[in-house]
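What follows is a single structure, written as C-alpha cells, with notes after it.
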Amino acid sequence: MKTSEIKEFSTAELAERIETEKANLLRMKLNHAVSPLENPNLIKKSRRDIARMLTILRQKNANK
C-alpha cells in the first residue's frame, strides 16, 4: 500500500485498518510456521505496511 493511499484514510479508519493488518500478519506467521507460504515476502510487505500506517497515524495525531 502506498503512502498516498494511507494518507487518505481518516484517523479512525486508519486505526481499524492497522488492527486488521496486524491480525492478518499474525495469521500469516502462524500459517508459515505450519506449512511454508508460497511467497514469504508477503510477511515482510505486511510488516512494512503496518509500520507505514502507524507512522502516518502518529503524524496525524501530532498535528492535532
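Where a number appears in this text, it was derived from the coordinates with a stated rule and is not lab data. Just so we're clear, the structure is a prediction, and the values are computed from it rather than from any experiment. Heads up, the Cβs are rebuilt from the backbone with ideal geometry, glycines too, and the neighbour counts pull from every protein chain shown.
Hand me the tally of lysine pairs in the chain: alpha carbons under 16 angstrom apart, and the pair either on different chains or 8 or more positions apart.
Values: LYS2/LYS44; LYS2/LYS45; LYS7/LYS60; LYS7/LYS64; LYS22/LYS44; LYS22/LYS45; LYS29/LYS44; LYS29/LYS45.
Count of close lysine pairs: 8.
May I ask you to list the residues of the range 3-22 whose amide nitrogen lies under 20 Å from a point 7 Å from Cα along the Cα→beta-carbon direction of LYS64?
Within reach of a label on LYS64, which here means backbone N under 20 Å from a point 7 Å along Cα→Cβ, the range 3-22 contributes 6-20.
Using 0.36 nm times the number of residues separating ARG47 and MET28, minus their current alpha carbon distance, what extension gain do you get?
Values: separation 19, 0.36 × 19 = 6.84 nm, distance 1.09 nm.
Full extension from ARG47 to MET28 adds 5.7 nm.
Based on the alpha-carbon gyration tensor of the chain, what equivalent-ellipsoid semi-axes (square roots of 5 times the eigenvalues) come out, in whole Å, largest first? Write out the running numbers ahead of the final one.
Numbers: eigenvalues 139, 24, 13 Å².
For the chain, the ellipsoid semi-axes come out as 26, 11, 8 Å.
Under a 10 Å cutoff between Cα atoms, tell me which one of ALA23, ALA33, ALA15 has the largest fluctuation in the Gaussian network model of the chain.
ALA33
Working out 0.36 nm times the residue gap between MET1 and THR55, then minus their Cα-Cα distance, what length gain in nm do you get to one decimal?
On the way: separation 54, 0.36 × 54 = 19.44 nm, distance 1.35 nm.
Stretched fully, the MET1-THR55 segment lengthens by 18.1 nm.
Only Cα pairs under 8 Å and at least 6 apart count here; give the relative contact order of the chain as a rounded whole percent. The partial results should precede the final answer.
Details: 24 pairs, mean separation 31.6, N = 64.
Reported as a whole number, the value is 49 percent.
Where the centre of each part is set by its Cα atoms, how far does the range 1-31 sit from the range 50-64, in angstrom?
That distance is 12 Å.
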